[in-house]
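Chemist: Let me begin by handing over the structure; questions about it come next.
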Amino acid sequence: MKVKHVPAAPESLAFVETAQRAVPLVPDSQDDCCARILDRTDLVARDEAATWLTFLRGLGLVERGQSGYSRVRRDPDPEFLREAFRDGVFGVDAVLDVLHDADEPLTVDATFERVRDTIPEWERHKNPNTWTDVWTETVAHELDWLVLLGLAAERDGGYVAAEN
């Protein structure tokens, strides 16, 4: 499963562990899990907590079963998160490919323009008047996560692929 919507990148990766640990080991409802995430983080809106819950699921740190959501016994170390982010978030590989192919730092808008054709048609039809805004924000969040994970860097007002 790949998730489409990505929360804004936190200040540090420690937030990922905090959010993950807010989800119980014993399955619980989405509402209760979101309430726990709100209680244990600085998030203030239930929608933000729900996005985080889904995002954690995409990273393989949370599971959803018939009885609800539960935490996976897995430490979200940086190496794991880099791989999980690439495997579990829609569009990340396209963004990374664009950064690798670019001759200069790319802004969020320039990156979006280069990956816009990879966005499924049904996403465009779902929100015909706002899909570009939604997906530009998603690309912006992905770029910030790539920086946080050490897969990209900010340079000269744009983003570049990290030199590995």
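The values are calculated or read from the model by the stated rules, or taken from the named source; none is laboratory data. Keep in mind it's a predicted model, so treat the numbers as computed, not measured. In this analysis, Cβ positions are derived from the backbone assuming ideal geometry, glycine residues included, and neighbour counts consider all displayed protein chains.
Chemist: Pick from 56, 38, 43: which is within 14 Å of residue 23 (Cβ to Cβ) and either touching a strand residue (DSSP E or B) at 6+ places or on another chain (Cβ under 9 Å) or assigned by TED's automatic domain parsing to the domain that holds residue 152 (or both)? Outline the logic, then answer.
Modeler: Working: 38 fails: either touching a strand residue (DSSP E or B) at 6+ places or on another chain (Cβ under 9 Å) or assigned by TED's automatic domain parsing to the domain that holds residue 152 (or both); 43 fails: either touching a strand residue (DSSP E or B) at 6+ places or on another chain (Cβ under 9 Å) or assigned by TED's automatic domain parsing to the domain that holds residue 152 (or both).
The unique qualifying residue is 56.
Chemist: Right, residue 154: out of contact with any strand residue (DSSP E or B) (no Cβ under 6 Å at 6 or more places or on another chain), closer than 24 Å to residue 80 by Cβ and at pLDDT 95 or above or not?
Modeler: Values: out of contact with any strand residue (DSSP E or B) (no Cβ under 6 Å at 6 or more places or on another chain): yes; closer than 24 Å to residue 80 by Cβ: yes; at pLDDT 95 or above: yes.
So residue 154 passes the test.
Chemist: Listed residues 14, 102, 9; which is at pLDDT 95 or above, closer than 17 Å to residue 147 by Cα, in the same structural domain as residue 149 (by TED's automatic domain parsing) and of a type outside the set (Phe, Trp, Tyr)?
Modeler: Numbers: 14 fails: in the same structural domain as residue 149 (by TED's automatic domain parsing); 9 fails: in the same structural domain as residue 149 (by TED's automatic domain parsing).
From the options 14, 102, 9, the qualifying one is 102.
Chemist: Here's something else I'd like to know. Hey, does the stretch 105-117 have a residue that's within 16 Å of residue 9 (Cα to Cα), surrounded by 19 or more Cβ atoms within 10 Å (Cβ to Cβ) and touching a residue at least 40 places away in the same chain (Cβ under 8 Å)?
Modeler: Step one: filter the stretch 105-117 for residues within 16 Å of residue 9 (Cα to Cα), giving 108.
Next, only the ones that are surrounded by 19 or more Cβ atoms within 10 Å (Cβ to Cβ) stay: none.
The answer is no, given that none of the residues of the stretch 105-117 is within 16 Å of residue 9 (Cα to Cα), surrounded by 19 or more Cβ atoms within 10 Å (Cβ to Cβ) and touching a residue at least 40 places away in the same chain (Cβ under 8 Å).
Chemist: Can you name the residue in the stretch 60-90 that is out of contact with any strand residue (DSSP E or B) (no Cβ under 8 Å at 6 or more places or on another chain) and buried (at least 20 other Cβ atoms within 10 Å of the Cβ) and, of all such residues, is farthest from residue 7 (Cα to Cα)?
Modeler: Looking at residues that are out of contact with any strand residue (DSSP E or B) (no Cβ under 8 Å at 6 or more places or on another chain) and buried (at least 20 other Cβ atoms within 10 Å of the Cβ), I get 76.
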